[in-house]
Amino acid sequence: MSVSSKIRTSIQKSSWVRKMFEEGADRKKKYGPENVFDFSLGNPNIEPPAKVGEILRELTSNNESGMHRYMPNAGFVKTRDAVAHYLGDINDLSFGPEDIVMTVGAAGAINVVLKTILNPGDEVIIPAPYFMEYNFYVDNYGGITKTVTTNPDFSLDLSAIERDINSNTKAVLINTPNNPTGKVYREEELIQLGKLLDRYSKRHGEPIYLISDEPYSKIIYNGLKFSSIFNVYKESFVVTSFSKDISLPGERIGYIAVHPRMADKDIIIEGLGMCNRILGFVNAPALMQRMIPFLLEDSVDMGLYRQKRDFLCAGLDSAGYRFAMPEGTFYLFPETPVPDDVEFVRSLQEENILTVPGAGFGGPGHFRIAFCVENDTIERAMPGFARVMEKYR
Ligand SMILES: Cc1ncc(COP(=O)(O)O)c(C=O)c1O
């Protein structure tokens, strides 16, 4: 057999997602890409800040020797030092460069953390709906994903998390602001989560790690404050990237930050560097690492995403859609008017509107709209959204 049986199964399981993407591609061919309204991908449409191009031009004209060589697996000390200072300024903690590992995006960061901490059979609790790739990442290292429900407003359901904790629980993986719901977890619920994990860690005699995936931490609306897990629980990792807030997803740059007071910090940090290497990443891209110290305080203009959110939500609201207003990210996760979200998404497809069924995120009865698209796309898709809702009412 050419492909491993595990990958064959994964391909089969995700075949309907693939099929929908293929159908979308066919529609683009048939009707022209400008007549297909593609809300299926979280690929930011806003260009990176102009500064990115300027720094890149400067870096590529630097003829100093060694610019493109390998460096320590955790990344350049200068870059990690800059990240450590940045994190120290926004948290009540002091970080050193040793607490930071530069990675190939947040996806690389999550994989490196999971490989470092998981033994086969270890369980990772993930509140649903969630970013669908987590299943694969946990499985990569023989771990078992345990999804738990969230509250109707998508805030954390701590009793659901508590019910699933057992002696095999190695980590809880959260994502705030959340893809696909747009939920931003509040400080109080994170404090309670920290207390819960602390209690069970003591009972087990081993830490249950908290991993917070935060690539959307700067994409927050209405003056809402982002709350960090670092201020509530010391057995914690933050994984993040510059894919979404600086619009650099193709450049694959992110980092892991380890809580400076984590109990087994030294061996964990050694493990992270080792796993960055043996997963084949070796190190994060050198040029991108050199650029990061200049970009830590920056982001694209979030006002532009807020305008898109407000415009989309106003249109869908008057068409009769029901949804929780996203507090962050560029995703909206409305309810489908029928239980079968795949059927509903197919009806939208008939109007050349491409979205993703909630079932793919562990959130059936919903669908995800990625509104990181041109304003014109939202405007021209609106009559189609209204017609489909009308059909089901
Ligand atoms: C919640 C979440 N985590 C991680 C990632 C991966 O991001 P990156 O491009 O930084 O690897 C994404 C990408 O869409 C995401 O939505």
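Laboratory data are not the source of any read-out in this text; all were calculated from the coordinates shown. What you are looking at is a predicted structure, and each value in this text was computed from that prediction instead of being measured. FYI the Cβ positions are ideal-geometry reconstructions off the backbone, even for glycines, and counts take in every protein chain you see.
Key figures for this structure:
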read-out	value
Summed residue charge, Cβ within 9 Å of TYR233's Cβ, Lys/Arg positive, Asp/Glu negative	0
Relative contact order of segment 41-107, defined on C-alpha pairs under 8 angstrom at six or more residues apart (%)	25 percent
Which of TYR200, PRO249, TYR137, positive extreme of dipole for the chain (C-beta unit charges)	TYR137
Zone residues, segment 285-329, relative to GLU47, backbone N less than 15 Å from point 7 Å out along Cα-to-Cβ	300-301
Other-chain or far-sequence residues with amide H under 5 Å of THR147's (modelled H)	ILE126
Euclidean distance of C-alpha centroids, segment 75-108 and segment 133-197, integer Å	24 Å
Along each principal axis, Cα extent of segment 70-294, largest first, Å	45, 42, 31
Total charge dipole magnitude, the chain, about the Cα centre, Cβ charges on Lys, Arg, Asp, Glu only, Debye to nearest 20	760 debye
Computed over segment 242-393, Cα set: Rg, Dmax in Å	20.4, 59
Cα-based Rg / Dmax (Å) for segment 57-160	18.5, 57
Share of alpha-carbon pairs per 10 Å distance bin for segment 205-250, given as whole %	24, 43, 26, 6, 0
Hits among aspartates and glutamates - C-alpha to C-alpha of LYS308 under 16 Å, sequence gap 8 or more where chains match	ASP38, GLU47, ASP245, ASP317, GLU327, GLU374, ASP376, GLU379
Relative contact order computed over the chain (Cα-Cα under 8 Å; 6+ residues apart), in percent	23 percent
Highest-MSF residue in the chain out of THR181, THR150, THR240 [GNM, Cα springs under 10 Å]	THR150
Which of LEU93, LEU332 has the fewest Cβ neighbours within 10 Å, and the rest in rising order	LEU93, LEU332
Rough spin-label spacing in nm, given labels placed 7 Å along Cα→Cβ, for ARG261 and ASP310	4.1 nm
Centroid-to-centroid separation of segment 235-293 and segment 315-366 [C-alpha atoms, Å]	33 Å
Scaled radius of gyration (Cα, divided by 2.2 N^0.38 Å) that segment 274-338 gives	1.80
For segment 218-297, fraction of C-alpha pairs farther apart than 18 Å, in %	55 percent
Between helix 265-278 and the chain: long-axis angle, C-alpha atoms, 0 to 90°, nearest 10	60 degrees
At q = 0.07, 0.13 Å⁻¹, base-10 log of I(q)/I(0) for the chain (Debye sum, equal scatterers on each alpha carbon)	-0.33, -1.15
Value at 222 nm in deg cm²/dmol, rounded to 500, when DSSP H runs of n ≥ 4 in the chain each add -39,500 (n - 2.57)	-13000 deg cm²/dmol
